[in-house]
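S.K.: The following block contains the structure, expressed as structure tokens.
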Amino acid sequence: MSMTTEDILRWLQQLARVLQENRDYLTQLDAAIGDADHGINMDRGFKAVTEKLSTGTDTDIGTILKTVGTTLVSTVGGASGPLYGTAFLRAGMATSGKQVLSEADFVSMLGAFVEGIKARGKAQLGEKTMLDALLPALDAARRAEGEGLDLAQLLRQSSEAAKEGAQNTIPLLATKGRASYLGERSVGHQDPGATSGWLILKTLADTCGGA
Amino acid sequence: MAIGLVIVSHSAKLAEGVVELAGQMVQGEVAIATAGGAADGSLGTSMEKVLDALRQVDSADGILVLLDLGSAVMTTEMAVEAFNAEQPSHRIIISPAPLVEGAVIAAVEASIGNSLDEVAAAAANAHMLPKLSDKHS
């Protein structure tokens with residue numbers, strides 16, 4: 001099974017819808033332990049992405065993902081701009097010139113995506129950030145690939161791991177980002193970045209993972 | 001020649017205010033540019049604005065960047081990466097100093113022609129300058 005350019009475009013279009021639907025939810029999470037703009041930022045960023053991609057012509061997956069990256073960097077004023085921006089840029093570099101992704105290509109792309117966030121934000125697992133959803137998701141994807149599972153199962157397992165990872169941020173103490181200013185008060189709240197990270201992968205599984 | 005300064009803030013008003021205060025100390029002798037607020041003017045930071053500011057104060061002697069909170073660092077780092085592609089030999093240092101105190105000290109040090117490293121060191125110690133006298137403790 002493979003992921004095509006059309007699949008990637010469908011994913012991104014659906015993701016824009018999902019982020020719009022979850023705008024208030026993400027903003028609420030960010031209001032509890034941040035500056036209350038994560039939902040607004042992600043919605044704005046991906047609306048701009050949808051507009052940008054609608055004017056594009058036949059192109060490869062790498063170019064599409066790099067376009068998402070640069071669009072997020074220039075339209076999202078919060079931390080997600082540089083973080084997800086770098087993630088999509090790196091994912092785009094990893095898939096340069098490709099029109100089709102195999103399981104291995106996808107895992108490599110996800111690896112570059114997550115590595116981009118690590119390099120840009122300099123956080124690690126357990127610090128109550130988007131990495132707490134994305135690192136488990138990457139591990140799950142690598143395991144699934146190693147077991148020879150097809151793309152659909154790989155995406156679903158990755159998505160489930162991200163969901164669990166996001167929920168596991170609830171008891172964590174924030175040491176990164178605006179939430180770190182809250183100290184102990186950050187405990188007991190789900191991290192907004194980890195939540196959007198899960199939504200990104202969930203949408204991928206929903207659109208490209210088969211029913 | 002002197003080093004250039006860039007003030008990065010999530011707030012355009014805050015960035016302008018910092019430049020006003022720092023400017024008072026040096027009467028226009030130091031090139032200072034701002035990169036405040038997101039692209040659409042809301043609270044946030046913009047890589048494009050930081051890159052523009054770096055280009056504005058570009059100096060062979062280098063640039064010191066003062067900034068406010070967390071994500072301003074990532075945005076600035078991305079702008080510096082882009083800038084380094086244009087001007088690979090011009091050094092840029094991102095200061096850990098508190099924004100206002102760091103900017104004022106950096107402006108003074110830059111105006112007397114100190115090097116980038118000297119100005120950066122002075123700004124990095126800005127938090128040590130006592131704000132309150134002993135009577136307040």
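S.K.: Among the residues of segment A:110-130, count how many are in contact (Cβ under 8 Å) with a residue 40 or more places away in the chain and closer than 18 Å to A:Leu199 by Cα.
M.R.: Kept after step one, since they are in contact (Cβ under 8 Å) with a residue 40 or more places away in the chain, are these residues of segment A:110-130: A:110, A:121, A:123, A:126-130.
Within this subset, residues satisfying the condition of being closer than 18 Å to A:Leu199 by Cα are A:110, A:128-130.
So the count comes out to 4.
Per-residue answers, yes or no, for (1) facing another protein chain (nearest Cβ under 9 Å); (2) in a helix (DSSP H, G or I):
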site: B:Met25; (1), (2): no, yes
site: B:Gly28; (1), (2): no, no
site: B:Thr34; (1), (2): no, no
site: B:Ala38; (1), (2): yes, no
site: B:Gly41; (1), (2): no, no
site: B:Ser59; (1), (2): no, no
site: B:Val65; (1), (2): no, no
site: B:Phe83; (1), (2): no, yes
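S.K.: In segment A:137-165, which residues are within 19 Å of A:Leu29 (Cβ to Cβ) and open to solvent by less than 70 Å² (accessible area, probe 1.4 Å)? I'd like the intermediate steps shown before the answer.
M.R.: From segment A:137-165, those within 19 Å of A:Leu29 (Cβ to Cβ) are A:137, A:159, A:162-165; that's our starting set.
Matches in segment A:137-165: A:Ala137, A:Ser159, A:Ala162, A:Gly165.
S.K.: Is there a residue being crowded, with 24+ Cβ neighbours inside 10 Å and more than 27 Å from A:Gly183 (Cα to Cα) anywhere in segment A:117-132?
M.R.: no
S.K.: Across segment A:60-70, which residue is nearest to B:Ser71 (Cα to Cα) among those that are under 16 Å from the mean Cα position of the chain (by Cα) and open to solvent by 10 Å² or more (accessible area, probe 1.4 Å)?
M.R.: A:Thr70
S.K.: Among the residues of segment A:1-59, write down those that are aromatic (Phe, Trp, Tyr) and open to solvent by less than 40 Å² (accessible area, probe 1.4 Å).
M.R.: Taking segment A:1-59 first, the residues aromatic (Phe, Trp, Tyr) are A:11, A:25, A:46.
Result: A:Trp11, A:Phe46.
S.K.: Looking at B:Ala106, is it within 14 Å of another protein chain (Cβ to nearest Cβ) and either of a type in the set (Phe, Trp, Tyr) or in contact with a helix residue (DSSP H, G or I) (Cβ under 9 Å, 6 or more places away or on another chain) (or both)?
M.R.: On the way: within 14 Å of another protein chain (Cβ to nearest Cβ): no; either of a type in the set (Phe, Trp, Tyr) or in contact with a helix residue (DSSP H, G or I) (Cβ under 9 Å, 6 or more places away or on another chain) (or both): yes.
Spelling it out, it is not the case that B:Ala106 is within 14 Å of another protein chain (Cβ to nearest Cβ) and either of a type in the set (Phe, Trp, Tyr) or in contact with a helix residue (DSSP H, G or I) (Cβ under 9 Å, 6 or more places away or on another chain) (or both).
S.K.: Among the residues of segment B:106-137, count how many are part of a helix (DSSP H, G or I) and either on the phi > 0 side of the Ramachandran plot or open to solvent by 60 Å² or more (accessible area, probe 1.4 Å) (or both).
M.R.: Of the residues in segment B:106-137, the ones part of a helix (DSSP H, G or I) are B:106-111, B:116-124, B:126-128, B:134-136.
Then drop every residue that is not either on the phi > 0 side of the Ramachandran plot or open to solvent by 60 Å² or more (accessible area, probe 1.4 Å) (or both), which leaves B:117-118, B:127-128, B:134-136.
Selection size over segment B:106-137: 7.
S.K.: Within segment B:61-80, can you find the residues that are modelled with pLDDT under 95 and open to solvent by 20 Å² or more (accessible area, probe 1.4 Å)? Steps first, please.
M.R.: Residues of segment B:61-80 that are modelled with pLDDT under 95, as a first pass: B:69-71.
Hits for segment B:61-80 are B:Leu69, B:Gly70.
S.K.: Let me ask something additional. If we scan segment B:55-62, do we find a residue that is without any contact (Cβ under 8 Å) to a residue 40 or more places away in the chain, touching a helix residue (DSSP H, G or I) at 6+ places or on another chain (Cβ under 9 Å) and within 30 Å of A:Ala48 (Cα to Cα)?
M.R.: yes
S.K.: Quick check on this structure: which one of A:Thr71, A:Thr129 is of a type in the set (Ser, Thr, Tyr) and not in a helix (DSSP H, G or I)?
M.R.: The unique qualifying residue is A:Thr129.
S.K.: Also, I was wondering about something else. Counting only residues that are open to solvent by 40 Å² or more (accessible area, probe 1.4 Å) and within 14 Å of another protein chain (Cβ to nearest Cβ), which one in segment A:166-181 is farthest from the chain's Cα centre (by Cα)?
M.R.: First, the residues of segment A:166-181 that are open to solvent by 40 Å² or more (accessible area, probe 1.4 Å): A:167-168, A:170-173, A:175-178, A:180-181.
If we keep only those that are within 14 Å of another protein chain (Cβ to nearest Cβ) as well, we get A:175-178, A:180-181.
Details: A:Thr175: 21, A:Lys176: 18, A:Gly177: 17, A:Arg178: 19, A:Ser180: 21, A:Tyr181: 24 Å.
Filtering segment A:166-181 for residues that are open to solvent by 40 Å² or more (accessible area, probe 1.4 Å) and within 14 Å of another protein chain (Cβ to nearest Cβ), the one farthest from the chain's Cα centre (by Cα) comes out as A:Tyr181.
S.K.: Also, quick follow-up: Could you grab me the full set of residues in segment A:81-99 that are of a type in the set (Gly, Ala, Ser), surrounded by fewer than 24 Cβ atoms within 10 Å (Cβ to Cβ) and either at the interface with chain B (Cβ under 8 Å from one of its Cβ atoms) or in a helix (DSSP H, G or I) (or both)?
M.R.: At the first step, the residues of segment A:81-99 found to be of a type in the set (Gly, Ala, Ser) are A:81, A:85, A:87, A:91-92, A:94, A:96-97.
Then keep just the ones that are surrounded by fewer than 24 Cβ atoms within 10 Å (Cβ to Cβ); that gives A:94, A:96-97.
The answer is A:Ala94, and nothing else.
S.K.: Does segment A:50-61 contain any residue that is of a type in the set (Gly, Ala, Ser), more than 23 Å from B:Thr76 (Cα to Cα), away from chain B (no Cβ under 14 Å) and in contact (Cβ under 8 Å) with a residue 24 or more places away in the chain?
M.R.: no
S.K.: Also, quick follow-up: Here are B:Glu29, B:Glu101, B:Glu86: which of them is open to solvent by 50 Å² or more (accessible area, probe 1.4 Å), within 30 Å of A:Gly116 (Cα to Cα) and acidic (Asp, Glu)? Don't jump to the end; show me each part of the working.
M.R.: On the way: B:Glu29 fails: within 30 Å of A:Gly116 (Cα to Cα); B:Glu101 fails: within 30 Å of A:Gly116 (Cα to Cα).
So the residue among B:Glu29, B:Glu101, B:Glu86 that is open to solvent by 50 Å² or more (accessible area, probe 1.4 Å), within 30 Å of A:Gly116 (Cα to Cα) and acidic (Asp, Glu) is B:Glu86.
The values are calculated or read from the model by the stated rules, or taken from the named source; none is laboratory data. All values reported here derive from a predicted model rather than from experimental measurement. Neighbour counts run over all protein chains shown; Cβ positions are idealised from the backbone, glycine included. SASA here: full protein model, heavy atoms, side chains in, ligands and nucleic acids out. Shrake-Rupley method; radii C 1.70, N 1.55, O 1.52, S 1.80 Å.
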